[in-house]
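Below is one structure, written out as C-alpha cells; the observations come after it.
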Amino acid sequence: MNERLITLIEYLIDTRQVFNNTDFGDIIGKSKSQVSEMLSGKRPISERTVHLIASKFPNLNTSWLLTGEGEMLKSGTIIQKIGDNSAHNTQVVGSSELAVCQQKVEYLERILEEKERMIQVLLEKK
C-alpha cells in the first residue's frame, strides 16, 4: 500500500494540492516522521488513516488505496493544475468539481498564510 501512497502524494504535489510530504502530513494530521514511516513501509497505513486521507481528498478512490484495484481517482474527477486557466489543459476524468475547487482554495490559503508569516519575519528583522 505504501507504493500507492507514494503515487498519491506525487499526484497531489504535481497538481499542487500539497507542497510536499510534510504538507500532506499536516493536512491529514500526521507528523513528518509518521508520513515518512508510512511511505517507507515501516508503519502500516491503517484503515482509519485511509479514511482520514479520503476526508481531506474526496476525489480519492479509497478502494484503490487499500487494494490497488480500480483507478486512483473516483470517476468524474476533474484534473487541472492550479494556476492553469486554459480550458484546453483541463482533463475531465469525472464529476467532483466542487471538491477540486475546495482543495485549490485550501492550497492557496496555505500559500497565503506562509507568505504572511514570511512578511512578519522580515518586518520583525527591521
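Pairs spanning more than 29 Å between alpha-carbon atoms, out of Lys74/Lys115; Lys104/Lys126; Lys30/Lys74; Lys32/Lys115; Lys42/Lys104: Lys74/Lys115; Lys104/Lys126; Lys42/Lys104. If the cut-off is a Cα-Cα distance under 13 Å, which aspartates and glutamates reach Lys56, setting aside same-chain residues fewer than 8 apart in sequence? Reachable aspartates and glutamates: Asp23, Asp26, Glu106.
Largest first, the three principal axis extents of the alpha carbons in region 16-70 are 28, 26, 17 Å in whole numbers.
None of the figures in this text is laboratory data; all of them are computed from the coordinates on show. On a predicted model such as this, the values are computed, not experimentally measured, just so you know.
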